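The values are calculated or read from the model by the stated rules, or taken from the named source; none is laboratory data. Since the model is a prediction, treat every value here as computed from it, not as a measurement. Glycine gets a Cβ as well: all are built from the backbone with ideal geometry, and neighbour counts include every protein chain shown.
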Amino acid sequence: DVYSPQYGIENPDILPSRLTSVNVSNVFYGIMFDAGSTGTRIHIYSFIQKGLEPPQVDSEIFESVKPGLSAYVDDPEQGAETVRELLDVAKQTIPSTHWHTTPVVLKATAGLRLLPEQKAQALLLEVQELFEDSPFLVPDECVSIMNGTYEGILAWITINFLTGHLYGANENTVGILDLGGASTQITFLPQAEGTLHAAPKDYISSFEMFNNFYKLYTHSYLGFGLKVARLAVLGALDAKDVDSRRFTSSCLPPSLKAEWKFSGINYKFGGIKEVPSGFQSCYTEIIKLIQKKLDQQDEIKRRTFYAFSYYYDRAVDAGIIDVEEGGVIRVKDFETKAIEVCKDFNKATKGSPFLCMDLTYITALLKEGFGFYDNTELQLAKKVNNIETSWALGAAFHLIQSLRSTA
Ligand SMILES: Nc1nc2c(ncn2[C@@H]2O[C@H](COP(=O)(O)OP(=O)(O)O)[C@@H](O)[C@H]2O)c(=O)[nH]1
Ligand SMILES: [Ca+2]
């Protein structure tokens, strides 16, 4: 029995946890690394396959480290070291008998997209060497920067798989909204013929997986992730005099003076005493960055969307949802909380001085950016059926399929 504790770990967390009665030959594993702009994460999945049916995910182990790879822009070896720590988790949790058949892949997103090409490649090369020295299966192109279109498609696959919409009738699929640190994605399966015509050509992507064919609307907006948006609001993006300046915004507590590190750079920032702070002036600042920058499709107002990542985290910080439960909210709930938090900074911003700015940005992104109604409902979920809502599962499925078609 490969699942019994035989690997010298005190409290083995051997995958798959719920699988003791299933034929072992139907079980296999996959390791997907998400090198995001704010952190690196490992997703270790176990899958079950019965006959010719599409594989089912059985369980997941998830670990993460901060900061992300892009913070090691001038020290790639140290960056790869953070990946090694996470890879050790895979060694502790996947039975050693399965190591050589378990693929390991890392996909980087917006943090590395924003780095100079050579610096990004140096980081990726260091990680690739680490993988090649590991006992796992290393496919071609095991380490890469993923393009934003795939990020949206693969997250859509994950959520629709987990919510049971993938192998049924297409009419009921759900859309997804992912808000990262450096980029943000919107993806849905258009039902209105008009959407396919009205959308910019490169926002429509065809995709095949496990013999199903999907024509999705998807786009990744680089620079519209929550953390990079903060820099944009502060006027600190591409600023030359970062060391000598303090960047200010009416979205911050007026008397605040602080420092903030993002992607390896230290920024001095603070509030403004001379102008009225609060939601209205903050919203006005932020709208300038968003208006007319994003494509709007009427259909989204009538569709169900799942929102996760920073949508989820900030809704938790604002007390709109429970950290474990998530739940259904309306777009206007973000605005109501933003107004409240921006009104009384001292009372409301207990964790982060950025909460007013972040909630106001999310409100503006949803309403002025994508064109959602105040009353549009959003499903906030961090996990569905105990699996993380992230593009990583979709990427693992895609990987399995591509390994089989080349085998
Ligand atoms: N639900 C969920 N959120 C995640 C996962 N991994 C990262 N996130 C969230 O993603 C956000 C950070 O975005 P990140 O991936 O670093 O930036 P990006 O490169 O712009 O996509 C934070 O809100 C994280 O909590 C995950 O596996 N599940
Ligand atoms: Ca991400």
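Here's the yes/no breakdown for (1) at pLDDT 95 or above; (2) assigned to a helix (DSSP H, G or I):
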{"position": "PRO54", "(1), (2)": "no, no"}
{"position": "ILE61", "(1), (2)": "yes, no"}
{"position": "LEU87", "(1), (2)": "yes, yes"}
{"position": "HIS98", "(1), (2)": "yes, yes"}
{"position": "VAL105", "(1), (2)": "yes, no"}
{"position": "ALA120", "(1), (2)": "yes, yes"}
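Filtering the stretch 229-264 to residues that are under 21 Å from THR109 (Cβ atoms) and out of contact with any Phe, Trp or Tyr (no Cβ under 8 Å at 6 or more places or on another chain) leaves ALA232, LEU237, ASP238, PHE262, SER263. A single entry from LYS268, LYS257, LYS261 fulfils the requirement of being more than 22 Å from LYS367 (Cβ to Cβ), exposed (fewer than 12 other Cβ atoms within 10 Å of the Cβ) and not assigned by TED's automatic domain parsing to the domain that holds SER37: LYS261. Report whether or not GLY152 is within 23 Å of the chain's Cα centre (by Cα), surrounded by 24 or more Cβ atoms within 10 Å (Cβ to Cβ), within 16 Å of ligand 1 (Cβ to nearest atom) and over 30 Å from ASP88 (Cβ atoms). Taking the combined requirement at face value, the residue satisfies it.
Output the residues belonging to the stretch 296-332 that are more than 14 Å from ILE362 (Cα to Cα) and surrounded by 16 or more Cβ atoms within 10 Å (Cβ to Cβ).
GLN297, GLU299, ILE300, ARG303, THR304, PHE305, TYR306, ILE321, GLY326
When ILE159, ILE186 are checked against the criterion of being more than 18 Å from THR40 (Cβ to Cβ) and in a strand (DSSP E or B), a single residue qualifies: ILE186.
Table: residues versus (1) more than 25 Å from GLY369 (Cα to Cα); (2) touching a helix residue (DSSP H, G or I) at 6+ places or on another chain (Cβ under 6 Å); (3) at pLDDT 95 or above.
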| site | (1), (2), (3) |
| --- | --- |
| GLY223 | no, no, yes |
| ALA229 | no, yes, yes |
| SER249 | no, yes, yes |
| PHE262 | no, yes, no |
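Of the helices (runs of 4 or more DSSP H) that lie entirely inside the stretch 327-407, those containing 1 or more residues that are out of contact with any Asp or Glu (no Cβ under 9 Å at 6 or more places or on another chain) and under 27 Å from THR248 (Cα atoms) span 331-343, 345-348, 355-364.
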